[in-house]
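Computed from the coordinates by the stated procedures, all read-outs in this text should not be read as laboratory data. Everything quoted here is computed from the prediction, not taken from an experiment. No Cβ is skipped: glycine too gets one built from the backbone with ideal geometry, and neighbour counts run over all protein chains shown.
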Amino acid sequence: MKRLKEFAWPAVGLVALAVSIWLLHQQFHGQAVGPKVLADLKTLSFQQYGLAILSTLVAYVALAWYDRIALMHLGIKHISWAFIGLCSFTTYALAHNIGASVVSGAMVRYRAYSTKGLSTAQIALLVGICSLTFGLGVLLLGGIVLVAEPVELRRLGRLLPHVLTEPAMAQLIGLACLGLVAAYVIGSAFRFKPLIIGRVRIEYPHLNIALRQLAASSAELLGAAGIIYFALPQQHNPGYLVILGIFIASFSVALVSESPGGLGVFELLFIKAMPAVPHDKVLTALLVFRLLYLVLPLLFASVVVVIFERRRLSEALHADAVAKLAAGDPKSDGKTRSGPARVVKLPADP
């Protein structure tokens, strides 16, 4: 049964990817999309690219803040911002592209933070806190969008039951999301007992930690959505709040689907939610998002992983050689020295 569960989510991800790509193929059947997208990429101004790059930096700095907040909650202060930032960047660059973000993210964090003395339990808790931080941001900003613009949920009318897309119901959902966030903040302020939902146990942190979680997750989502907003042409841009709402819904569903990088799922939901915008314009903006938020970070993160693992291997080999030498292993002498040992006799004291 355990082995079956290990293969279940990857299988779901592959199925979601296959179905999404098929639906996208049906959506663009008979259209020469490639040349249009390449032409649109060339028409984007330096200002648009600059603002999209700035939005990417904001998102990844906020993601590093996720780890910093989790370490603060654990009472760990000896790890530098530089190490945290590099670890977080590598974690999310790999997790966002590979899929199974919790599992792949946990593996990267374990390899990195174990070198700083963190136990397996501490790293597991750190991963859980980071996931909770992201969830709080989705609830907060998603709730704000639904309360402020409830009619925008109708954009997903083809994908959701009709009752959920009604403005009154959308506002109720938004208020429920904001209510959960408020309950979390109040519980942190008054240090309520842990909230237990099934097998999930949520410990309320100190209020300053909870507020930092909301700030960090909001900044990350605002930055990531900003990449797409700035990559869309002004004449076809429905507005930042609309893009933010669609991004939160599409990105969250893509993460749950476990499709590698949300490929297909993310694009499909965005295109369905923006029927009034030419599809090639949407694809152009999403391609810019993938390049800046996913592909380029993945390339850089791959280099970081290779360097890190090479250093760890070198340290392990060195430690093994030192251990053999200290134990008097004759086989290690020939490998760690340039020649046979030489004994030098000193004259006796007069």
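Label-to-label distance for His78 and Ser314 is 2.4 nm, based on points extended 7 Å past Cα in the beta-carbon direction.
Reported value for the range 48-309: 128 Å³ per residue, from the convex hull of its C-alpha atoms.
Of the peptides 250-256, 229-235, 71-77, 165-171, the order by per-residue mean of other Cβ atoms within 10 Å, starting with the highest, comes out as 250-256, 229-235, 165-171, 71-77.
Extension gain, Ile307 to Tyr240: 0.36 nm times the residue separation minus the Cα-Cα distance gives 20.2 nm. Charge tally for Asp40 (other residues, Cβ to Cβ under 11 Å; Lys, Arg +1; Asp, Glu -1): +2. Using the Cβ-Cβ distance between Ala215 and Leu175 with R0 set to 22 Å, the FRET efficiency from 1/(1 + (r/R0)^6) comes to roughly 0.55. Projecting label points 7 angstrom from Cα along Cα→Cβ for Val163 and Leu51 puts them 4.1 nm apart. Summary of packing: across the peptides 118-129, 43-54, 237-248, the per-residue average of other C-beta atoms within 10 Å ranks them, highest first, as 237-248, 118-129, 43-54.
Fewest neighbouring Cβ atoms within 10 Å first, the residues Asp40, Asp67 line up as Asp40, Asp67. When the C-alpha to C-alpha distance is required to be over 21 Å, the pairs from Lys116/Lys193; Lys42/Lys272; Lys36/Lys272 that qualify are Lys116/Lys193; Lys42/Lys272.
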